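Pasting in a structure now, in structure tokens, and then I'll have a few things to ask.
The values are calculated or read from the model by the stated rules, or taken from the named source; none is laboratory data. Note that this is a predicted model, so its numbers are computed, not measured. Here the Cβ positions follow ideal geometry from the backbone for every residue, glycine too, while neighbour counts run over all protein chains shown. Each accessible area value is taken on the protein alone, full model and side chains, heavy atoms only, with ligands, DNA and RNA left out. Shrake-Rupley method; radii C 1.70, N 1.55, O 1.52, S 1.80 Å.
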Amino acid sequence: MVNLTNFQNNVTRPASNLNTLNLKLVWITILTPTLICFLCFFYVIVIILKVFFTAPHVQENGRYVLFVHMLINDSMYLTLAMVLLVSSLYDVFFPISICYLLVTASSVSFKVTPLNLAVMSLERYVAICFPLRHAEFCTSRKSGIAIMIIWTVGLIPHIADIIILASVVKSGYFSHYVLCSRASFLNTPAQSFLRSFGHAMTFSMVGLVIVFTYVRIMVVALKIDSRKGSASKAGKTVMLHAVQLLLCVTAFAYPIIEMYLLQYTLLIPVINFCLFMFLPRFLSPLIYGIRDNVFREYIRRYFFCIPVRINSTPPTD
């Protein structure tokens with residue numbers, strides 16, 4: 001995750017209490033609609049999770065297992081990001097041990113999202129290009145194994161990071177209190193290199209997977225007229241995954257924008273949170289939630305408080 005930096009150390013605080021009060025009011029003005037959208041996001045996720053856990057035919061579909069995993073991961077990421085944002089805005093200090101756990105959890109969940117997108121794109125590739133093998137390859141059990149591999153890959157760089165950090169810090173380091181940010185733990189060049197290398201490898205490999213799957217799916221869509229509609233829809237889904245990946249990549253502009261523009265406005269952290277953290281995750285329910293036939297009707301009915309009964313009709317692609 002491109003974490004919230006300790007911007008308070010890089011700027012001069014307002015000279016008067018009046019300026020500080022005005023700044024806080026502006027923060028609240030911006031954060032209020034963000035929190036409302038945040039709650040709407042979670043409400044849609046709750047609806048989707050209710051459908052998933054009350055419909056056995058949906059639980060048996062590997063595609064929906066991956067989708068629900070991404071929603072849960074994005075919810076965790078946004079919750080942690082919101083905690084870090086608010087704690088930075090209001091100078092909340094954490095014990096270093098707690099802060100490190102929060103930062104590590106947010107960093108891992110940040111990398112899990114693109115990895116999950118890659119696996120979901122591969123699932124669409126198998127469904128269109130190898131339809132007779134799809135039921136064999138894309139089971140709920142194998143989706144669960146893929147999720148475990150995703151989290152293992154996401155955790156490996158942080159295991160190396162804690163080993164490096166523990167080897168260079170002094171005794172009692174983890175009992176101190178800090179303003180929680182990733183920058184608090186980048187104490188060696190090796191950590192910075194490991195972090196940059198991990199992000200570069202993750203996003204480049206995921207980008208290659210998405211490009212490959214999109215090209216192959218669209219080739220099938222052009223060649224086989226009988227499956228053109230299904231393949232075209234899958235191609236659009238993969239393209240949406242690519243857009244979501246690009247939005248995730250824009251998070252790396254966060255520290256650059258903060259470095260050069262923070263001296264002009266202290267609202268940059270809040271704006272960056274809305275654009276680079278919240279917006280890419282907000283697309284997740286839209287891609288499968290609103291576009292998917294299984295979830296769309298239930299979301300509409302729950303939003304308008306219409307009684308709904310979840311049936312056992314198998315999902316259609």
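Output the number of residues of segment 95-122 satisfying the condition of being touching a Leu at 6+ places or on another chain (Cβ under 7 Å) and not polar (S, T, N, Q).
Number of matching residues: 7.
Sticking with this structure for a sec: What number goes with the only condition from (1) closer than 25 Å to Gln59 by Cα; (2) small (Gly, Ala, Ser); (3) touching a Phe, Trp or Tyr at 6+ places or on another chain (Cβ under 9 Å) that Ala105 does not pass?
The single condition Ala105 does not satisfy is (1).
Quick check on segment 176-188: of everything there that is modelled with pLDDT of 80 or more and more than 25 Å from Thr113 (Cα to Cα), which residue is most open to solvent (accessible area, probe 1.4 Å)?
At the first step, the residues of segment 176-188 found to be modelled with pLDDT of 80 or more are 176-180.
Now drop any that are not more than 25 Å from Thr113 (Cα to Cα), which leaves 176-179.
Values: His176: 100, Tyr177: 147, Val178: 31, Leu179: 24 Å².
Looking at residues that are modelled with pLDDT of 80 or more and more than 25 Å from Thr113 (Cα to Cα), I get Tyr177.
Determine the pairs where a residue that is touching a residue at least 60 places away in the same chain (Cβ under 8 Å), located within segment 185-207, has a partner that is basic (Lys, Arg) with Cβ atoms under 6 Å apart, the partner being 6 or more residues away or on another chain.
Pairs that qualify, where the first residue is touching a residue at least 60 places away in the same chain (Cβ under 8 Å) and the partner is basic (Lys, Arg), are Thr202/Lys111.
Please go through (1) over 22 Å from Ile299 (Cβ atoms); (2) at pLDDT 75 or above; (3) touching a helix residue (DSSP H, G or I) at 6+ places or on another chain (Cβ under 7 Å); (4) surrounded by 14 or more Cβ atoms within 10 Å (Cβ to Cβ) for Ser87 and return the number of the only condition it doesn't satisfy.
Of everything listed in (1) over 22 Å from Ile299 (Cβ atoms); (2) at pLDDT 75 or above; (3) touching a helix residue (DSSP H, G or I) at 6+ places or on another chain (Cβ under 7 Å); (4) surrounded by 14 or more Cβ atoms within 10 Å (Cβ to Cβ), Ser87 misses just condition (3).
Something else: Which one of Ile98, Ile72 is open to solvent by 40 Å² or more (accessible area, probe 1.4 Å) and within 10 Å of the chain's Cα centre (by Cα)? Reasoning before the result, please.
Values: Ile98 fails: within 10 Å of the chain's Cα centre (by Cα).
When all the criteria are applied, what remains is Ile72.
When the residues of segment 163-175 are filtered to those that are aliphatic (A, V, I, L, M) and touching a residue at least 24 places away in the same chain (Cβ under 8 Å), which remaining residue is least open to solvent (accessible area, probe 1.4 Å)?
Of the residues in segment 163-175, the ones aliphatic (A, V, I, L, M) are 163-166, 168-169.
Still in the list and also touching a residue at least 24 places away in the same chain (Cβ under 8 Å): 164-165.
Details: Ile164: 44, Leu165: 0 Å².
Filtering segment 163-175 for residues that are aliphatic (A, V, I, L, M) and touching a residue at least 24 places away in the same chain (Cβ under 8 Å), the one least open to solvent (accessible area, probe 1.4 Å) comes out as Leu165.
I need every pair where a residue in segment 97-111 that is closer than 18 Å to His69 by Cβ has its Cβ under 8 Å from the Cβ of a residue that is hydroxyl-bearing (Ser, Thr, Tyr), sequence separation at least 6 or different chains.
Correct list of pairs: Ser106/Tyr77; Ser109/Tyr77; Phe110/Tyr77; Lys111/Thr202.
Inspect segment 189-205 for any residue being over 29 Å from Asp74 (Cβ atoms), open to solvent by 40 Å² or more (accessible area, probe 1.4 Å) and in a helix (DSSP H, G or I) and give the result as yes or no. Can you show your working first?
So the first thing to find is which residues in segment 189-205 are over 29 Å from Asp74 (Cβ atoms), and the list is 189-190.
Keeping just the survivors that are open to solvent by 40 Å² or more (accessible area, probe 1.4 Å) gives 189-190.
Okay, now just the ones that are also in a helix (DSSP H, G or I), so 189-190.
Checking segment 189-205: at least one residue is over 29 Å from Asp74 (Cβ atoms), open to solvent by 40 Å² or more (accessible area, probe 1.4 Å) and in a helix (DSSP H, G or I).
Checking Thr104 against (1) open to solvent by less than 60 Å² (accessible area, probe 1.4 Å); (2) over 21 Å from the mean Cα position of the chain (by Cα); (3) closer than 20 Å to Phe273 by Cβ, which single condition isn't satisfied?
The one condition Thr104 does not meet is (2).
Could you go through segment 153-162 and let me know if any residue there is buried (at least 16 other Cβ atoms within 10 Å of the Cβ), within 17 Å of the chain's Cα centre (by Cα), of a type outside the set (Asp, Glu) and at pLDDT 85 or above.
Taking segment 153-162 and keeping what is buried (at least 16 other Cβ atoms within 10 Å of the Cβ), we get 153-154, 157-158, 161.
Next, only the ones that are within 17 Å of the chain's Cα centre (by Cα) stay: 153-154.
Filter again for of a type outside the set (Asp, Glu), leaving 153-154.
Narrowing further to those that are at pLDDT 85 or above: 153-154.
Yes, segment 153-162 contains a residue that is buried (at least 16 other Cβ atoms within 10 Å of the Cβ), within 17 Å of the chain's Cα centre (by Cα), of a type outside the set (Asp, Glu) and at pLDDT 85 or above.
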